[in-house]
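Presented below is the structure to which this report refers.
The values are calculated or read from the model by the stated rules, or taken from the named source; none is laboratory data. Fair warning: this is a prediction, and the values are worked out from it, not measured in the lab. Cβ: placed from backbone, ideal geometry, glycine included. Neighbour counts: every protein chain shown. For the accessible areas, the whole protein counts, side chains as well, though only heavy atoms, and no ligand, DNA or RNA atoms are used. Shrake-Rupley method; radii C 1.70, N 1.55, O 1.52, S 1.80 Å.
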Amino acid sequence: MDLQVATKWETAVLAGGPADGLRMQVADRPSVLQVTVPCRTDGPTGEVRVEALYIYRRQLGVHSEPLSYGYDSASP
């Protein structure tokens, strides 16, 4: 099965937070998106990465493209 044919991709835009205005393509209208930003570390980390995590939730009132995801400042 060809995933590109079977999946409906839609344009989405993020509002607020560190990724404000970022546009992307999403499949199946996910209710939540996460954005990660690498953090600087002091000293050797081996294979460990540290990233800040930001959560965006789909605005349910938006039914056409671009879908809108708002920054959730209360998320971890």
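Give me the accessible area per residue for the chain, probe 1.4 Å, as a whole number in Å². It would help to have the intermediate numbers written out before the result.
Working: 5590 Å² over 76 residues.
In whole numbers, the chain has 74 Å² accessible per residue.
Rounded to the nearest 20 debye, the dipole size of region 7-69 about its Cα centre is 160 debye, using +1 on the Cβ of Lys and Arg and -1 on the Cβ of Asp and Glu. Farthest towards the positive end of the charge dipole of the chain, among the residues ALA74, VAL26, CYS39, is the Cα of ALA74, using unit charges on the Cβ of Lys, Arg, Asp and Glu. Remark: the LYS8-MET24 segment gains 4.4 nm on full extension, using 0.36 nm per residue and subtracting the alpha carbon distance.
The fraction of accessible area contributed by carbon and sulfur in the chain is 53 percent, rounded to a whole number (1.4 Å probe; ligands and nucleic acids excluded). Ranking of ASP72, ASP28 by solvent-accessible surface, largest first: ASP28, ASP72 (1.4 Å probe, protein heavy atoms only, all chains present). Distance between the modelled labels on VAL48 and HIS63, one decimal in nanometres: 4.9 nm (7 Å Cα→Cβ projection). Taking only the alpha carbons of the chain, we obtain Rg and Dmax values of 15.4, 47 Å in that order.
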